[in-house]
Amino acid sequence: MKKSVLRSFGLLGLLLFFPLFLFTFSDPYFIEKSAKAFIEWKLKSETNKKIDSIQLPQSKSIEKFLRHRVNKIRQETEQKLEILKKQLKNDAPKIIVTQLAKMRDLSCKCREKWKERLRSFLIFKIDSLEKARERLADFAQAKYMEIVEKLTLDVRIFLGTNSLIFLFLLLASFLRPKTIDHLFLPALLMLVSTIVCAYFYLFEQNWFYTIIYNNYTGFGYIAYLVIVFAILCDIVFNKAKVTTKVINWLLNAIGTTFSVASC
């Protein structure tokens, strides 16, 4: 019974994550289409950050020498810059909506060579409000594609890693049939992970993509999977010696007299 339950769970996990992993390659726009709301939110956030980062160039040596004369001019220019940035922020929503419509057209040539364009906008200079609007539109296009590419890669890593863990769990149940009790620990950890991810995807989709996209939380999830993988390696290659101690410690902590033995 235990073997059937464990193997069924391993198989179901594999059937859930692996086909989705393959589907991201058969339909490379699948993630982009399913994460529309997240990409739009992220693009707005990145655009506002870019506008906030616009600053006057650092003073040249001649300006430093004549600091007392140019200081007043610089203050006036900074005030004008703040007004310009405020106008840009007011215009940004319309610009983003227009660029989103273009970028979501998968046949649009604007989706090509975005890396070069993004690189050229790392330094965002303002000559005039009209020029700034044009550059902001180009920045939005390039940033959109950067977000899509990074999100696609991160989701593939997420799906691929989960597929490998479930595959290893399934194989371990056949390679080490005597360790079924031990295998329930990594299976439980993967069950919790799968339920949490499923909940976020179904009811809090933006949070799901944020967790995957964000480096810190993404690395935290990878670390979690590494722990599960290490437990599986201990069971398969080390006769579950470490896992046995962990399980027995947990059982003692909850006050039960039941224990498992290493094999």
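A short reminder: the numbers here are calculations on the coordinates, not readings from a lab. Since the structure is predicted, the reported quantities are computational estimates derived from the model, not experimental observations. Here the Cβ positions follow ideal geometry from the backbone for every residue, glycine too, while neighbour counts run over all protein chains shown.
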*Candidate aspartates and glutamates - alpha carbon under 14 Å from Lys241, same-chain residues fewer than 8 apart omitted*: Asp181
*Using amide H atoms built 1.01 Å from N in the peptide plane, name the residues 5+ places from Ala240, or on other chains, whose amide H lies under 5 Å from its own.*
Ile235
_Given R₀ = 45 Å, what would the calculated FRET efficiency be for Glu112 paired with Val196, taking r from the Cβ atoms and rounding to 0.05?_
0.75
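Please report, in whole Å³, the volume per residue of the convex hull around the C-alpha atoms of segment 141-254.
112 Å³
Using 0.36 nm per residue, how much length does the chain from Lys44 to Ile222 gain when fully extended, once their Cα-Cα distance is taken away?
Here the segment from Lys44 to Ile222 would lengthen by 61.3 nm.
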*What FRET efficiency comes out for the pair Val97/Asn252, r = Cβ-Cβ distance, R0 = 51 Å, nearest 0.05?*
0.30
*How large is ³J(HN,Hα), in whole Hz, for each residue of segment 179-194 in order, when computed from phi with the Karplus curve 6.51 cos²θ - 1.76 cosθ + 1.60 and θ = phi - 60°, using x for Gly and Pro?*
9, 4, 4, 5, 5, 5, 5, x, 5, 5, 4, 5, 5, 4, 4, 5
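Mind ordering 29-37, 78-86 by average Cβ neighbours within 10 Å, highest first?
Result, highest mean first: 29-37, 78-86.
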*May I ask you to derive the FRET efficiency for Met1 and Leu189 from their Cβ-Cβ distance with R0 = 30 Å, giving the value to the nearest 0.05?*
0.90
